[in-house]
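Here's the structure, in structure tokens; my notes come after.
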Amino acid sequence: MDDGLDNDLFEPKSRDPLNVEKLNALVLQAVFEHDQEAFGHVMKAIFPGLFSSALAATRQREEAKEIVCEVSVWVWEKLLVDYFTVQSNNDTFVMFRAWVSRRVVGMARDRHRSRKRRLELERANEAARAEQLTPLEQMIKEETDEENRRLLEQIEEKQREMAEKKRLLVKELSDIQREAIELVDLKGMDILEAANLAGVTRTNFEARLSRGRKKLRELTEESS
């Protein structure tokens, strides 16, 4: 069967020129008599719907058209070996259309998944190639990573020491100064929230905090 089809066949029609009764008869003629012309009329009637289904799954117009053409050939070959069995009734065309549509949608989804996997693999390969280093580059990278790790450990250790030292020095402040430092600098509360918790005005609390920080700096300098 020729699959060189006119693009107009894939565009939705305002109305089907063939009624359902006629389509039922054409399907039977194509199935039982292997009438290729009748088959062509039936496929022409359902091409727009098949194309829409394929396009929804693949999101690629040309690929959707290709799938519809491939399925058309596949369907005709199946009819030649009596693969599709049907009885004469009012749903003959509907059954045939549903059978073909399932094939189109299945193939379209398979193509879409395959393309998606292929793109993911290509991206992974590109990332792997970007990560490929010469022996010298790899050695430099490992040395740099190790140096950065040691530096980070030193910074974290220094921060822990400073935090512990600050906690010890805070104990030497007056009660109200220590409370202000602990609420804002150690616990991270905002000034208004801390002032409300301390039961004083914002201005009063800010004065306590300022004096406490000043005293803490002096103690820190003395202990250095």
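The values are calculated or read from the model by the stated rules, or taken from the named source; none is laboratory data. All figures in this text were calculated on a predicted structure; none of them were measured in a lab. Because the Cβ atoms are built from the backbone with ideal geometry, glycine has one as well, and the counts that use them run over all protein chains shown.
Observations
- Tally, over segment 199-224, of residues that are small (G, A, S) and in contact with a helix residue (DSSP H, G or I) (Cβ under 6 Å, 6 or more places away or on another chain): 1
- Pick from segment 10-26, criterion part of a helix (DSSP H, G or I) and touching a Lys or Arg at 6+ places or on another chain (Cβ under 9 Å), ranking: modelled with the highest pLDDT: L23
- Set K158, K165: member being closer than 17 Å to R217 by Cα and not β-branched (V, I, T): K165
- Matching residues, segment 160-175, being surrounded by 11 or more Cβ atoms within 10 Å (Cβ to Cβ) and of a type in the set (D, E, K, R): K165, K166, R167, E172
- Criterion applied to V200, V184 was being surrounded by 10 or more Cβ atoms within 10 Å (Cβ to Cβ) and not in a helix (DSSP H, G or I), and the one residue passing it is V200.
One line per residue, one yes/no per condition, for (1) part of a helix (DSSP H, G or I); (2) under 50 Å from the mean Cα position of the chain (by Cα); (3) free of Cβ contacts under 8 Å to residues at least 40 places away in the same chain:
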| position | (1), (2), (3) |
| --- | --- |
| H112 | yes, yes, no |
| K116 | yes, yes, yes |
| L119 | yes, yes, yes |
| K141 | yes, yes, yes |
| K158 | yes, yes, yes |
| R167 | yes, yes, yes |
| R208 | yes, no, yes |
| R213 | yes, yes, yes |
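- Among the residues of segment 67-76, some residue qualifies, meaning at least one is assigned by TED's automatic domain parsing to the domain that holds R111, more than 37 Å from the chain's Cα centre (by Cα) and either modelled with pLDDT under 85 or crowded, with 16+ Cβ neighbours inside 10 Å (or both).
- Some residue of segment 47-62 being touching a Cys at 6+ places or on another chain (Cβ under 8 Å) and either buried (at least 19 other Cβ atoms within 10 Å of the Cβ) or modelled with pLDDT under 80 (or both): no
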